[in-house]
Amino acid sequence: MNGTKKSPQSGQRADQERHTGALAPLDSHSQITQKLRAFYDSVQDEGIPDRFLDLLEKLDQAEKAAKPADDS
């Protein structure tokens, strides 16, 4: 034995796939979940475009410039 154990559910899903040729709904949901997580991770790794960083900087400057006017 190699030390890995299969859960009873994973064995049932494999049996279902062999007999029906289709994935169980849970497997479909798992695949969708994995793909969405991979997509989210890739988007998160892209970073913020420079033009958005410039806009955020301009907004910060505008807020700082407007703040002293609000205090008077």
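None of the figures in this text is laboratory data; all of them are computed from the coordinates on show. What you see is a predicted model; the values in this text were computed from it and never measured. Cβ coordinates were reconstructed from backbone atoms using ideal geometry, including for glycine residues, and neighbour counts include every protein chain displayed.
Of note:
- With neighbour counts taken as other beta-carbon atoms within 10 Å, the residues Asp60, Asp45 rank, fewest first, as Asp45, Asp60.
- With K and R counted +1 and D and E -1, the other residues having a Cβ less than 14 Å from that of Asp50 yield a net charge of -1.
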